[in-house]
Structures are given as C-alpha cells and as structure tokens.
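Here's the structure, in structure tokens; my notes come after.
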4 protein chains.
Amino acid sequence: MILDNFKSVLSKYDVVFFDAFGVLKTYNGLIPGIENTLAYLNDHGKDFYVVTNDASRSPDQLAESYFKMGITDITADRIISSGMLAREYLDYKVRAGLVAYVGTDNSAHYIETAELKTISIRKVNLDDVSDINALVFLDDEGFDWNTDLTKTLNLLRKRNIPVIVANTDKTYPASKTRLSIAVGALAKMIEDTIGRQFIRFGKPDPQMFIFAYQHIKNYPHVSKRNILMVGDTLHTDILGGNKFGLDTALVLTGNTQAEDAEVRIRSTGIIPTYISVSAAID
Amino acid sequence: MILDNFKSVLSKYDVVFFDAFGVLKTYNGLIPGIENTLAYLNDHGKDFYVVTNDASRSPDQLAESYFKMGITDITADRIISSGMLAREYLDYKVRAGLVAYVGTDNSAHYIETAELKTISIRKVNLDDVSDINALVFLDDEGFDWNTDLTKTLNLLRKRNIPVIVANTDKTYPASKTRLSIAVGALAKMIEDTIGRQFIRFGKPDPQMFIFAYQHIKNYPHVSKRNILMVGDTLHTDILGGNKFGLDTALVLTGNTQAEDAEVRIRSTGIIPTYISVSAAID
Amino acid sequence: MILDNFKSVLSKYDVVFFDAFGVLKTYNGLIPGIENTLAYLNDHGKDFYVVTNDASRSPDQLAESYFKMGITDITADRIISSGMLAREYLDYKVRAGLVAYVGTDNSAHYIETAELKTISIRKVNLDDVSDINALVFLDDEGFDWNTDLTKTLNLLRKRNIPVIVANTDKTYPASKTRLSIAVGALAKMIEDTIGRQFIRFGKPDPQMFIFAYQHIKNYPHVSKRNILMVGDTLHTDILGGNKFGLDTALVLTGNTQAEDAEVRIRSTGIIPTYISVSAAID
Amino acid sequence: MILDNFKSVLSKYDVVFFDAFGVLKTYNGLIPGIENTLAYLNDHGKDFYVVTNDASRSPDQLAESYFKMGITDITADRIISSGMLAREYLDYKVRAGLVAYVGTDNSAHYIETAELKTISIRKVNLDDVSDINALVFLDDEGFDWNTDLTKTLNLLRKRNIPVIVANTDKTYPASKTRLSIAVGALAKMIEDTIGRQFIRFGKPDPQMFIFAYQHIKNYPHVSKRNILMVGDTLHTDILGGNKFGLDTALVLTGNTQAEDAEVRIRSTGIIPTYISVSAAID
C-alpha cells in the first residue's frame, strides 16, 4: 500500500503541486534526493508549483531560500503562498488606509502598496486607532505575545474591521524534537475570545488551490485530473487537494509517520490517492 | 445606513450574484418587485447568476420553478448550485461505481452518469456494501430518519469512503413561522458521531464563488471589483462573498431582520459593503 | 501494563462505581464472570454502585433487567442514572406545569410527579405550547425523527424554556457489528441548530459522581481515595472519575479495544489508574 | 422585569453565593452599597459565600484584599475558588512529585504541600522533565508568553501527564475600557494545539457549586431551594447555578449590560430566576 517508486506516480501527471515543509525540506534542509524529482519534472516537460501556508516572507524571499540550499528550479513564479491571498484580499476589499499586522516587519513589507500602509501591532497606540481598516496575522515572531496579543484583542473591541489570518497552521517544527506555536494558533485564541469571524487563507481552503490553478503557465487548460497534490499533512494538503478535485499523494517525510498513516486515514476519513515514503526519487 | 435605493447600488457593477431563498423568493413566492431588478439588469447589459446552496434539484428543475412563478430570465445556465459541485467532485474523484445518497430520488438523478450509478440509503443492504464508493447528502426528504440515518452511520463504519455534503444549511423556512431541519444538520450529526471529516460544498466556501465566477459568460475577464454578491445571510452569502474578494449587499427580506442587522454585524464581524431593505426595485 | 488480575485491584478500595454497558453487560447479556466480582465485593463488605448514562428507564426497571439476567445484587438503590439527575433538576427548577419529552412513554413516567405533568413531543400541538415549561431528551425511541425533531426545533423557537439532555451518549451498540444513534446525538443536532445552551446530565459531568457519592450507604464518610470508578470509555467514565478525584480502571470489554487502549490514552491524555482486560474475576 | 429592590429577593433565601468580579467589586474597587448587602445578610442570620474562578491567590490572600477595601465580613472560610479545586485534585490524584505551573510564584505557593513540589514553567528544563507529574495553569502573569507557552507545548509532547486549568475565564477587565487575556484562553490554545483533554475547574462546572455547598457552615442541611447564586455572567454563574438546581440572580454591574440582558437570555437560553440592577442595597 505504501509506494516506494514515486517516479511512476509523477509520470501520470502534467502538473504537480508540492507542499513545502515536510515534503521538499525540513527544519534542517532539503529532503535528500528532492533535486532529482525536480530535475525529472523539468526533463519531462512537467510543470510544478510550491503551495505553502507561509505568510512570513514574499515569494521572492521564499525562492531565495531555496536558491541558497542549491535549488534553482523553484523561482518566485512557482510559489503560491497564503500571504499572496492575504495581499489580494486587502487589494480588493480594503484598498486604502492603514493595516495593522501581527508578525515581523519583513512579513509586512510584502503587503504594503502605494495606497495601503502597514503598522506593527507593537507600534499601535490604542488611543489612536480610527484609521486602522484591517488587521492581518502574518507571523508568530516580531512582537511581544504578553503585551501585543492583549493589545490586538483591545484593538478589535474598538474597531469592527476585517481580520485576516494568512497562515492557518497551529504549529511548525523548530527542530527534530521541538514544535513552535504558529500564528494560526494565536489568531484562533483571539478569535475565540472576541467571538467574531476571522477570514482565513491557507490549505485546506480551496482558494489556495484555485490561486495555484490559475498560476499554471505551461498547461493553461489542464484538467484537474492531470494535477497531483503532494503533501505530508492529511488535514491541509490531502483534504484540500481532494476537495478541489485533484489526485493526492501523502508522503511520510513530515507530519505523518509511516506507522501512523493507515490509522489516521481510517480515523479521519481523509483518503489520499497514493501514499509514498517520500517525494524524492533516485 | 440602510439603503432604500438598490438601483443605485446595482448600477456600479457589471455582474451580480444573487442568493435564491430570502433574496429572490421566500416560502410563499417571489419577492414583490424582484422582476424589476432582473429587467433592469437585462436592459443595462449586466450579467447575473443565482448562487444557491441547493442540491435537491438540478439547475434545469430549479430554472423551471422560476419559470412557473413567471420569471423567464433565470435560465439553467444562470444557476450555480452546491449540487453542481458535488457532481463535479464525484466526476473527478470517484469516477465509477456506486454512490449511496441521502435524499430524494429526484435529487439523485442529477448526479448519475454513465459510469456512476446511485442507490438510495433506503435500499442499501448493510451486508452488501463493498461496491459503494462514496456517500452524498442531498436532501432532508426521501428517507426515514429513524432507520436510514442509523444505516448511514453503520455504512460508514464498514466503508471508509468519501462523504460529500451538498447542502451545508442547517435549516430552511417551511412557512412564515416554521423552520425545517435541512440535510446539512443531519450530515453534521453523523459527522460528529463517526468522527471523520466530510467534504462540504456550499456558501461560504470559496469553491461556490469560483464555480460561479468561471460561469460568467458576458464578462469573461471581469475584475472581482465589478461583481456584487447579494444575500440575506451573513455567515454564508456575505462572509463567502467578502472572502472571495467581492463587494457584498445584505438584504433584509430573509434570514436577517432589519432590527437585528447592526447587532449581528457587530457581533460576528462579518461586514457587508451595503445593507438594503430588499433586492427589489421599482 | 494491562492487568489480568482485577481482584487485586478491587481489594484496595471500599467502594466501587461501575459503568453498566461494556463493563457489566453487553448487547447480548452479562459479561461472563461478572457475578463473581459482585460476590467478591459482597463477601468482603465492599459497597458498589452502577453509574449509568441511561434515562430510558427508572432505577426500578433497570434493576429488574439485571434480575432477569440472574443478578440479584444490583438493586434499585445501587443504581445512579442520568435520568435521576434530570428528575432532580425538574423538581428544583421547574416545579410545576407541563414538561415535553423526546423519548418513550416509559422513560417519561419516571419524571412525572404530582405537580409536574409530561407530554410526548408526538402529541405536542405547536399552536398550543404556552403551558410547556421545559423540554427533556430521554430516549432515541418513541417518536418519529422526521416530524418530531422538526417539531422540537419549532417548539424551542416559540418557547425559551430550559432544555435537559438526560443522556449525553452519541451512540450505543445494537449488536456485535451495529451501532444505534443515541438521544445525545439528536439533542446536540437541535442545540447546534437553535444555538442555545442545553443542560446535560451524564458522565463525565461531575454531577453524576457527586450524586453517586451522596448515595453511598455503608461508607458514609469514605474518602475519595477509597473509591474506584470502573468503565470502558475514556471520555466519560475515566475522564469523569479522574476529575472527581477517584482512582479509575479502564476495562477492555466495551468501547475500548485492547489494541487501541495505549494509543487512545496517549492521544487523549485521559489516563486511567489501571487497565484491565475485564471487570470479571474467577 | 428588571428588579430594583434586591433586598426582597435576598429575604427569600437562607444562603447566598456571590460571584466576585462584576458583582462585589470591579477593576476600580467595591460596588457602592455592597457593604449594606453583607450587613443585611449578617443581621438576618443568612449565610453567604464568594464563589470565584480565581486561582491567582489563596483564599487567605483573597480575603485580605477585601479587608483592604474595608470589607471585614469576607473571611477566608467564606471564599470558594477554582484554585481550591485544583489543589484538591492534585492531592487526590497526583499525590507526590513535581508539578509544573503556568502563573506567578504567588499562585503556586498555595498548591505546594509536603509531598508535592512545584516548578515554574520558566524554570523547567525540557531535557530534564521525567519527574514532572502534572501541569497546572494558574495565572496569565509570571512568565514570558513567547518562550514559555512554547515550552509548555513541548513539555506536554514529552510527558503524558494530567493538565489542570484552574481558571476557565478567557478574559478579565483590566480597566473601564480594556480587557486582559486570562489564563483560560492560553490553556485552551495549548489544548487545541496538542489535541488532548485538559481538566478544567471553575464555574459553570458543577464541582465548584458542590464544593461551595459542602462548605456551608450555618445551614448544614439546607435545601438547594434555599440557596441563591448571584452573578454577572450568564455562561458561568447563571448556567452553573441553574444546572446545580439553585435559583439564580443576574446582576447588571459587570459582564452583562442592561440593554443586552434580554437579548442574551433569549439567544443563549440561559434563564436567571431574577434580573437585578445590582447586588447592592440601600
């Protein structure tokens, strides 16, 4: 049931979507052999994209991080991030004024435009919030949780503005044995506390997959049947890919361990088309 | 804050999406004056679509029901229903075999294809379920809740198959003073009981809006800024429209009463672009 | 880690609380050897009680069902049911008038008093509900789910009255391979649909354990340290017993299978003091 | 419907339970006139207790804070706090070893015993956690949220130990216009992230009311019918009091505003026996 020849799977599709963390890389670098996968796709004229719940950096910066690891194939135009959806939302729906953000200054640069200025929650003065038109959760770093999450709560009590969560993940691996709390968990705590409905972008939400689908360059009218989503997480990558109508491959190099895969598929009812030890090939 | 001239709103957009129930019609017929709205849109070359969480009938049958009420403008190609997404899912992901359904026979005809046969949960024999490849919740009628919901639960204990919920609503109005329980509530009960993840189609899910967006005929490359979503329910029509990047208008002829609108907007944080007494015009 | 000598566990306690289903009996009769357990407790002057999420019958009727299976030790005064808590609630808080019930007529007899009359949801006329002062969910049988659950919803829309759920279980085993949907799942569906807060009685709620604690006859001032709760379900028996401060024993003759026990304990964080293959002894 | 003569309500009961915050005091001191209420109760031989979701200090320290505000009637033996339940749980169920705590050192002193030592999450070394037998959430202060909440998550990944939440509140008022995030919200975030079941103490849980009930000195066998619970919050004070079988009075000096009271009662279905502008009397 668990495949060890991923090349035979890849050969059936024209386009492949990859999750980033746990599929292409881990906390300590690239998955060994993943460069062979990308080379195989290039050699056979197949298109591929990285579809990632990451709003901490722009696509350019994400591409640069792959470049530094020796991967030149993952250019910015091959990266679809939840941060891009947040930026699009602000462009369509907020349009102008000031957007408060929870995250690093670096994560916020990407959403700034000529009309839309940003301000860190660190620098927000609660006595002067009348020109803040939206709040965006971008990253778990760049602010003091004790004071600034409390400030976030009180900002929302004063202003009924749209709240965008640009990364819905609850945790991410910080090392072989440690998890970090991701901004999705912090946003959920504030949402539960204030009792309002936040707007979330990120897998498994279909908007991520549509966005990726619309970015496909070389196969502009490809059928969903010819696209494969590859991920390590049942509740995001596989559920979202399935719901969007794609075939899906679960790999065992990240969140899902080989010994748990069958049990989790049975208990969640989230069923990948394939299970493979890894997305790497020889 | 509550507009009474909806024509001035409509004039700003090229394309309009309408929710059906509570916006175009109620339990006892058309909203008076809604025919003027459709005539205005036609006269001014604007495109419009009905975007509805309804899987009980095919678009052809839904269009026929408007025709019987004297509305000839709402043709089948102007109707986007959650049933269409369920059908697309089955086509991409299940492809062949037998699909069990919870609903009326009429609701199931629409999802049948040459490769995909359907069977009512009423007729399922739990000792012979090996060829059932998916389960679809379509309608709250057409089966006995006592025996057939229990049978649904036991079918899912025997078969780990995709479960599709083609109408996420919990209730619908049966008369001026009575609500009926919709199939979305029944599906949620089974999902909570079995502990698996079902696949839901219907507003506020973005997939409904993308599907509608891809069906726009007369303005094929229209910007989302030129589309208006009109609905009576904050949590489905307005939340979904907002998230997809559309301007939104809340009307007060259905689920949301005039006296509650401001309170609900403040408490939910779901903010429509406009509030109008009705979608009808003179 | 899994004990096979339950007598040595029992010997350490003065009082034992048993869950009924999955511990003393299953769908097809008594757990073999359970009569030895009860005899051992009697012979050693230990006190025991059955603590059960069952509101379908009175303690007298429950005792009679054990009697028919050949067990004479489980008298009505040794049975603590969630139905008893519902009855106490009505006595303290509703006091007089009419109580509508969802369940069999048999389940309702028990909650009738001189001041408090009952009416089946089957017989409720929605045009005449002004004298209904409470609603109680008692059993999944005795009414038509299609019509009467809808009637329940509309009753609650007309009357803002206390709603009591006297059995919080979602399912119960109907045979070796089939589950039935319990009234707790039906009540949850109505609660989610109407958006109000129902009052639930049943394990793991501490009120069940307090009620049992107050019924202990032979050891009136027993310390919680000398009471053992024996159950087959982590989320009800073990969680509730732990929270109340009791030692707990998980048995593997019901909801929890031997092969799953360790995984479930690890994933839920609900940790029994002991795990035993059964509550039966030689 | 809203009473302004609270004395007539008090006159009907032998024992009164008061919530603390929003009923007896607010962020800037005592509710004016509350001293008259306590004097009336004393003069008429009625018994009263403060039942509070507060684990940040011991009953002695809480009593001292009332003394400093000029109230001498609220002695330590009249205070029932959720911290007392946490302490009792540790005494019954953990018994010995090391308990990690999230909160101030001051909050932890109270739960220390001869057999049970405590360690702040600040000082926990994740490489040396084998002797930690439980984790308790006590207060939102006394630690760094960024580093120590992450450490809490990783501690629980290494040790499957009981986790006790001794204050279930999500927020508390810090000033007339600002809320603070309470430790209950932080604990909920960690619980959702790790996916385990934590043990919560605090209203509306019945264990708080039983604990208070068992502490009644002057009316040892008082019927629940002769006890009144007075609170400012529907979901904790009123829901919990109702469920335990007590009459309940909602006061409008705290979380529930006069203009919202009727709407909230209708939408939640949590129905107090009385609504009073205040617990103060002339």
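Listed values, structure above:
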| read-out | value |
| --- | --- |
| Tabulated pairs, region C:153-170, first assigned by TED's automatic domain parsing to the domain that holds C:ASN133, second surrounded by 20 or more Cβ atoms within 10 Å (Cβ to Cβ) and polar (S, T, N, Q), C-beta under 7 angstrom, 6+ apart or interchain | C:LEU153/C:THR193; C:ALA166/C:SER82; C:ASN167/C:ASN53; C:ASN167/C:SER82; C:THR168/C:ASN53; C:ASP169/C:ASN53; C:LYS170/B:THR193 |
| Verdict on C:ARG159 being facing chain D (nearest Cβ under 8 Å), of a type outside the set (Ser, Thr, Tyr) and either surrounded by fewer than 24 Cβ atoms within 10 Å (Cβ to Cβ) or within 16 Å of the chain's Cα centre (by Cα) (or both) | no |
| Of the criteria (1) within 30 Å of D:LEU90 (Cα to Cα); (2) outside any helix (DSSP H, G or I), which one D:LYS12 fails | (1) |
| Spans of helices (runs of 4 or more DSSP H) in region C:203-282 with at least 1 residues farther than 21 Å from D:PHE209 by Cβ and in contact (Cβ under 8 Å) with a residue 40 or more places away in the chain | C:261-268 |
| Qualifying residues in region A:208-252 (those that are acidic (Asp, Glu) and within 17 Å of the chain's Cα centre (by Cα)) - the one surrounded by the most Cβ atoms within 10 Å (Cβ to Cβ) | A:ASP237 |
| Qualifying residue in region B:173-194 (condition: among the hydrophobic types (A, V, I, L, M, F, W, C), more than 11 Å from chain C (Cβ to nearest Cβ) and either crowded, with 21+ Cβ neighbours inside 10 Å or not in a strand (DSSP E or B) (or both)) | yes |
| Among (1) touching a residue at least 40 places away in the same chain (Cβ under 8 Å); (2) of a type in the set (A, V, I, L, M); (3) part of a helix (DSSP H, G or I) - the single one D:LEU38 does not satisfy | (1) |
| Index of the failed condition, A:SER65 passing every other in (1) closer than 30 Å to A:ILE111 by Cβ; (2) touching a residue at least 12 places away in the same chain (Cβ under 8 Å) | (2) |
| Exclusive hit being hydrophobic (A, V, I, L, M, F, W, C), loosely packed, with under 13 Cβ neighbours inside 10 Å and modelled with pLDDT of 95 or more, set A:ALA100, A:ALA39 | A:ALA39 |
| Criterion (of a type outside the set (Gly, Ala, Ser) and either within 19 Å of the chain's Cα centre (by Cα) or farther than 27 Å from A:LEU153 by Cβ (or both)) met by exactly one of A:ARG122, A:ARG87, A:ARG95 | A:ARG87 |
| Test: A:GLY83 is on the phi > 0 side of the Ramachandran plot and either away from chain B (no Cβ under 14 Å) or buried (at least 19 other Cβ atoms within 10 Å of the Cβ) (or both) | no |
| Condition check for A:PRO220: modelled with pLDDT under 95 and not polar (S, T, N, Q) | yes |
| Residues of region A:71-87 satisfying the condition of being free of Cβ contacts under 8 Å to residues at least 24 places away in the same chain and either within 10 Å of A:VAL136 (Cα to Cα) or not hydrophobic (A, V, I, L, M, F, W, C) (or both) | A:THR72, A:THR75 |
| Of all residues in region C:162-172 being touching a Leu at 6+ places or on another chain (Cβ under 8 Å) and within 14 Å of chain D (Cβ to nearest Cβ), the one that is farthest from B:THR193 (Cα to Cα) | C:PRO162 |
| Complete set of residues in region A:195-227 that are within 12 Å of chain B (Cβ to nearest Cβ) and β-branched (Val, Ile, Thr) | A:ILE199, A:ILE210, A:ILE227 |
| Every residue from region D:171-204 that is at pLDDT below 95 and charged (D, E, K, R) | D:LYS176, D:ARG178 |
| Count - residues of region D:15-35 that are in a strand (DSSP E or B) and either closer than 17 Å to D:ALA212 by Cα or under 17 Å from the mean Cα position of the chain (by Cα) (or both) | 7 |
| Condition met for C:THR193 (without any contact (Cβ under 8 Å) to a residue 40 or more places away in the chain and polar (S, T, N, Q)) | no |
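Residue-by-condition table, conditions (1) within 13 Å of chain B (Cβ to nearest Cβ); (2) within 22 Å of the chain's Cα centre (by Cα); (3) closer than 27 Å to C:THR236 by Cα; (4) surrounded by 20 or more Cβ atoms within 10 Å (Cβ to Cβ):
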| site | (1), (2), (3), (4) |
| --- | --- |
| C:ASP91 | no, yes, yes, no |
| C:ASN106 | no, yes, yes, no |
| C:THR118 | no, yes, no, yes |
| C:ASP127 | yes, no, no, no |
| C:VAL136 | no, yes, yes, yes |
| C:ASP140 | yes, yes, yes, yes |
| C:THR147 | yes, no, no, no |
| C:THR150 | yes, no, no, yes |
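The values are calculated or read from the model by the stated rules, or taken from the named source; none is laboratory data. Every value quoted in this text rests on a predicted model; they were computed, and no experiment measured them. Because the Cβ atoms are built from the backbone with ideal geometry, glycine has one as well, and the counts that use them run over all protein chains shown.
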